[in-house]
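These notes concern the structure reproduced below.
The numbers here are math on the coordinates, done by the rules we state, and not lab data. The structure presented is a predicted model; accordingly, all values stated were derived computationally and were not measured. Neighbour counts are summed over all protein chains in view; Cβ atoms, including those assigned to glycine, are modelled from backbone coordinates with ideal geometry.
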């Protein structure tokens, strides 16, 4: 999936500060998003793809934290009724499955 180049917000919050910091905008573009590549301290990179990757990682970490909180909450409140306990355990199994899938996708690195 090819993403669009930088949004107006990304231009203000990512590209402009980078240019002001002395990074050099190159005449080449990122093959993933089409944004101009930059060079700073001998490293050529796409600041937009790096920014988006950091955002995705932060969002995914939030998801994992919420799932773990819910799992702990359920583990600490086991019902005594057998039918309710079975429902409770099924929900816990689903949360564990989601966490495992998330980690396989690379979110738990």
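Over the chain, Cα pairs under 8 Å with separation of 6+ residues give a relative contact order of 18 percent. What is the log10 of I(q)/I(0) for segment 1-103, computed with the Debye formula using one identical point scatterer on each Cα and no solvent, at q = 0.11 Å⁻¹? Debye curve over Cα of segment 1-103, log10 I(q)/I(0) at q = 0.11 Å⁻¹: -0.55. Sequence-distant contacts, meaning Cα pairs under 8 Å at least 6 residues apart, place the relative contact order of segment 8-50 at 31 percent. Taking 0.36 nm per residue of separation and subtracting the current Cα-Cα distance, fully stretching the chain between residue 21 and residue 53 would add 9.4 nm. Comparing mean-square fluctuations of 93, 84, 65 from a GNM of the chain with C-alpha springs under 10 Å, the top value falls on 84. A simple spin-label model places the labels of residue 91 and residue 65 2.2 nm from each other, with each point 7 Å out along Cα-to-Cβ.
Highest GNM mean-square fluctuation among 63, 95, 83, for the chain modelled with Cα contacts below 10 Å: 83. Gaussian network model of the chain, Cα springs within a sub-10 Å range: biggest mean-square fluctuation belongs to which of 62, 42, 34? Fluctuation is largest for 42.
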